[in-house]
1. Set Lys and Arg Cβ to +1 and Asp and Glu Cβ to -1, take the dipole of segment 176-232 about its Cα centre, and tell me which of Met231, Ser217, Leu185 lies farthest positive.
2. Which ³J(HN,Hα) values in Hz, rounded to whole numbers, follow from the phi angles of segment 177-194 under the Karplus curve 6.51 cos²θ - 1.76 cosθ + 1.60, where θ = phi - 60° and Gly and Pro get x?
3. Taking θ as phi - 60°, what are the ³J(HN,Hα) couplings along segment 127-142 by the Karplus curve (6.51, -1.76, 1.60), each to the nearest whole Hz, with x for Gly and Pro?
4. Under a Cβ-only charge scheme (Lys and Arg +1, Asp and Glu -1), can you give me the dipole magnitude of segment 110-262 about the Cα centre, in debye to the nearest 20?
5. Does segment 123-166 come out rounded, prolate or oblate by the C-alpha gyration tensor, with a ≥ b ≥ c the root eigenvalues, rounded set by a/c under 1.5 and, if not, prolate when a/b is larger than b/c and oblate if not?
6. Full-extension gain between Ile214 and Ile41, please, as 0.36 nm times their residue separation minus the C-alpha to C-alpha distance.
Amino acid sequence: MMNDKRPIAKLKTRYKLFYIFSVIALAVLFCINFGVIYTLIITPPDNPENMMQFVYLLMVTGFLILAAQALLIFTRLIALLGKDSKALEGMSEQLEQLSVYDDLTKVYNRYKFETVANRELENVTRYSSNLSGIMFDIDDFKVINETYGYRTGDKLLASLAQFVNGKLRKTDYVFRWRGGKFIILAPHTDIDKAAIVAEKLRQIVGHKLFGGKIRMSLSLGVIQAANDDSMETFLHRIQAALTGAKNKGKNCVVVGRDMEQVA
């Protein structure tokens with residue numbers, strides 16, 4: 001980084017020196033020009049043409065220096081505009097990330113869920129493509145917070161979110177819903193495959209020690225989107241599946257299809 005900054009610093013120094021010297025040169029030319037013209041007026045020579053040519057030469061030189069100054073200022077202005085443009089792009093990217101990512105866990109937030117879910121549900125209706133959803137919740141997360149503190153609880157949430165995200169396909173989405181609840185959307189995945197994914201997540205999370213000392217368990221509900229599902233019905237069914245897992249004793253997977261068959 002230091003090696004990259006040195007040429008830039010040298011270039012800035014050269015710009016400053018050139019500008020200072022050009023201003024001094026203009027001042028000198030102005031004084032000489034004034035002196036020559038004053039001499040022509042007070043004591044006109046026998047051959048004023050030579051003196052006028054010298055005056056014109058000084059004027060042309062002055063215009064060239066002014067043009068060089070203008071070019072220098074224009075170049076610096078373009079460079080500054082480029083920096084401002086890059087800064088605005090960076091700010092735009094940061095704002096975009098803030099608008100779609102959960103600040104704590106760094107996975108997608110509920111706003112992003114609505115966008116993705118609406119698009120994928122439309123694909124289900126239009127193209128009859130498969131879409132499965134998994135909602136999971138950390139069992140007794142309130143007890144974890146009370147035992148280890150809310151700061152540790154936040155770290156566990158962030159660690160869990162990234163751990164789960166790393167176990168999924170690149171085409172899957174993980175969203176923070178609220179508290180210790182998360183939703184996974186798995187496009188082009190039927191309910192049987194989603195149930196297998198949910199069970200694997202339950203097992204690997206249950207066997208992992210988070211923070212080197214805390215073991216957690218998950219309750220998971222799995223559903224597959226129907227052709228006539230809206231956002232509301234999809235959420236209602238996936239939350240019902242998760243509630244079924246909680247009522248079943250926690251640390252288990254409940255598939256929405258099985259609940260519908262029982263009903």
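1. Looking along the dipole axis, the top candidate is Ser217.
2. Each residue of segment 177-194 in turn: 8, 6, x, x, 9, 9, 10, 10, 10, 10, x, 6, 9, 7, 5, 5, 5, 5 Hz.
3. After applying 6.51 cos²θ - 1.76 cosθ + 1.60, I find 10, 6, 7, 7, 8, 10, x, 10, 10, 10, 9, 6, 5, 6, 5, 4 Hz.
4. Working: 24 positive and 17 negative charges, 153 e Å.
The dipole of segment 110-262 has a size of about 740 debye.
5. Working: a/c = 5.09, a/b = 2.92, b/c = 1.74.
Cα axes put segment 123-166 in the prolate bin.
6. Details: separation 173, 0.36 × 173 = 62.28 nm, distance 9.69 nm.
Residue separation times 0.36 nm, minus the Cα-Cα distance, leaves 52.6 nm.
Quick note: the coordinates plus some simple rules give every number you see, no bench work behind them. Everything quoted here is computed from the prediction, not taken from an experiment. Neighbour counts are summed over all protein chains in view; Cβ atoms, including those assigned to glycine, are modelled from backbone coordinates with ideal geometry.
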